[in-house]
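Participant: Before anything else, here's the structure in question.
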Amino acid sequence: MTALGDVLHLLFTANLWQATLAAAVLLLLPALGGVISERSGVVNIAMEGMMLTGAFFGVAADLAWHNVWLATGVAILAGGLMAVIHAVVSIQFRADQIVSGIAINIFAAGLTVFLVTRVYGLQDVGHVGQSELLPNIDVPGLDQLPFIGQVVFQQNVIVYVALVLLVLTHVVLFRTRLGLRIRAVGEHPQAADTAGINVFLIRYGAVITSGLLSGLAGAFLAIGISNTFVPNMTDGRGYIALAAMIFGKWTPFGAFIACLIFGLGEAIYANNSTIHISQYFLSMLPYVITLVVLAGLVGRSTPPASDGLPYVPGSE
């Protein structure tokens, strides 16, 4: 009962939910990218590799130029370039999208380890100075509100950016002509092509957008939270983001709710010093939640009709 009591006490603390929101945003950014990509009909499980690439190049740029905003831009661009590879292989050459995504994840893991040893040797990459990290911003006035002030209005700048992108993604997908075209391409590309929509252009744009968002997530992880780069530091978060997207039924707000659930698991693990539960069990918690969610809900979630199917012009 002591451990249960500790957990219940922790659940009512602002510190836990503040950490939960930050952990959720780290998953939300690639999850939003996944929603956009798969709504256009391209499966993207390469978000792990895109995040990892963004994290490395974000740290490398920050250490080289001592400018966090420039470094963030480099991280976003790095994630986008990885997405270009996935887009060309999957869309232009019609390769199996799952295989392409896995290959990019393996390539990103190997590339970053190679660059670490080649550029920095076997020593530590180095730590980014506190003044060169993505800043935490307390919203004046609102940050003093009881509980909610600390949870929502005392966060890293990327948290606020992600929440804006969440609303923007929903509006674009479901309230604009562009969103209608993206969804049409993902549901029936042949009909969309007949209606004059450039299927390839929409899919390229969607996949590259997912890479840019994953690169931003990598920057948040490396120069917003960790202040350094460690090989494979994404630690499966790209796959968890994919699970969140599926759990959220390919909608931005559904994915956000799933990210909060997974983020809560990570936040509980991060606060394991305050509860009497094995740290090894807590370290498994986010992944256990992922498996439970997928096992219980994937069968009842219906992806876009043409998700994962390459488009061949003129086919029926």
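The values are calculated or read from the model by the stated rules, or taken from the named source; none is laboratory data. On a predicted model such as this, the values are computed, not experimentally measured, just so you know. As a convention, Cβ positions derive from the backbone with ideal geometry for all residues, glycine included, and neighbour counts pool all protein chains shown.
Participant: Check off (1) touching a Phe, Trp or Tyr at 6+ places or on another chain (Cβ under 9 Å); (2) within 14 Å of Ser306 (Cα to Cα) for Leu180 and give me the number that stays unchecked.
Facilitator: (2)
Participant: Just checking: which of the helices (runs of 4 or more DSSP H) contained wholly in the stretch 165-261 hold 3 or more residues that are in contact (Cβ under 8 Å) with a residue 24 or more places away in the chain and buried (at least 17 other Cβ atoms within 10 Å of the Cβ)?
Facilitator: Output list reads 177-187, 199-220, 237-247.
Participant: Just give me the residues in the stretch 106-123 being of a type outside the set (A, V, I, L, M), in a helix (DSSP H, G or I) and either touching a Ser or Thr at 6+ places or on another chain (Cβ under 8 Å) or farther than 14 Å from Phe56 by Cβ (or both), in sequence order.
Facilitator: Thr112 - this is the single residue of the stretch 106-123 that is of a type outside the set (A, V, I, L, M), in a helix (DSSP H, G or I) and either touching a Ser or Thr at 6+ places or on another chain (Cβ under 8 Å) or farther than 14 Å from Phe56 by Cβ (or both).
Participant: A further question on this structure: Just to verify a result, which residue in the stretch 114-126, among those that are surrounded by 14 or more Cβ atoms within 10 Å (Cβ to Cβ) and either among the aromatic types (Phe, Trp, Tyr) or in contact (Cβ under 8 Å) with a residue 60 or more places away in the chain (or both), is farthest from Phe220 (Cα to Cα)?
Facilitator: My answer is Tyr120.
Participant: Right, next: Filter the stretch 31-52 for residues that are among the polar types (S, T, N, Q) and within 21 Å of Ile106 (Cβ to Cβ); which is surrounded by the fewest Cβ atoms within 10 Å (Cβ to Cβ)? Step through it out loud before you land on a result.
Facilitator: Step one: filter the stretch 31-52 for residues among the polar types (S, T, N, Q), giving 37, 40, 44.
The next check asks that each one be within 21 Å of Ile106 (Cβ to Cβ); those that pass are 37, 44.
Working: Ser37: 35, Asn44: 33.
Residue satisfying both the conditions and the ranking: Asn44.
Participant: OK, next. When you look at Ile85, is it assigned to a helix (DSSP H, G or I) and either modelled with pLDDT of 95 or more or farther than 17 Å from Met233 by Cβ (or both), yes or no?
Facilitator: Considered against the rule, which asks whether it is assigned to a helix (DSSP H, G or I) and either modelled with pLDDT of 95 or more or farther than 17 Å from Met233 by Cβ (or both), Ile85 comes out as yes.
Participant: Filter the stretch 53-75 down to the residues that are touching a Leu at 6+ places or on another chain (Cβ under 8 Å) and among the polar types (S, T, N, Q), then identify the one that is surrounded by the most Cβ atoms within 10 Å (Cβ to Cβ).
Facilitator: Out of the qualifying residues, it is Thr53.
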